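Colleague: Let me begin by handing over the structure; questions about it come next.
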Amino acid sequence: MNDKRRRSTLISSVSSLGLCSVGGYRIFTNNIDDMSIQVAYIFFITGLICFVASVVELYRNPRT
């Protein structure tokens, strides 16, 4: 995997983890009143799926 692709995958995994944590923060603490609970669940689930996909892409062996 070339360096540019690896860097973009790292950036996407960090941003997905941030999205997941914002949704999880709203779900578990109920401190962000401006965000509805449905949006929080969407953020949490989408961020978790994207984070797992990014980690799998980082550690997958390149086919030669």
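FYI, it's all coordinate maths here, none of it is from the lab. Keep in mind it's a predicted model, so treat the numbers as computed, not measured. In this analysis, Cβ positions are derived from the backbone assuming ideal geometry, glycine residues included, and neighbour counts consider all displayed protein chains.
Colleague: Using the Cα centre of the chain as the reference point, and only Cβ charges (+1 on K/R, -1 on D/E), how large is the resulting charge dipole? Debye, rounded to the nearest 20.
Modeller: Here the size comes out at about 480 debye.
Colleague: With n ≥ 4 as the cut-off for DSSP H runs, can you work out [θ] at 222 nm for the chain, using -39500 (n - 2.57) per run divided by the number of residues, rounded to the nearest 500?
Modeller: After summing the helix terms and dividing by the residues of the chain, the value is -27500 deg cm²/dmol.
Colleague: For the range 27-40, just list the computed ³J(HN,Hα) in residue order, Karplus coefficients 6.51, -1.76 and 1.60, θ = phi - 60°, integers in Hz, with x standing in for Gly and Pro.
Modeller: Those phi angles translate into 5, 8, 10, 6, 8, 8, 6, 6, 9, 6, 5, 5, 5, 5 Hz.
Colleague: Charges on Cβ only, +1 for Lys and Arg, -1 for Asp and Glu, centred on the Cα centroid of the chain; of Gly23, Phe44, Ser54, which one is farthest towards the dipole's positive end?
Modeller: It is Ser54, whose Cα lies furthest towards the positive end.
Colleague: Sticking with this structure for a sec: When the Karplus curve 6.51 cos²θ - 1.76 cosθ + 1.60 is applied with θ = phi - 60°, which whole-Hz ³J(HN,Hα) does each residue of the range 48-57 get, with x for Gly and Pro?
Modeller: Working through the residues one at a time gives 5, 5, 5, 5, 5, 5, 5, 5, 5, 5 Hz.
Colleague: Roughly what would the spin-label model give for Leu10 and Tyr59, points 7 Å off Cα along C-beta, in nm?
Modeller: Between Leu10 and Tyr59, the simple spin-label model gives 1.7 nm.
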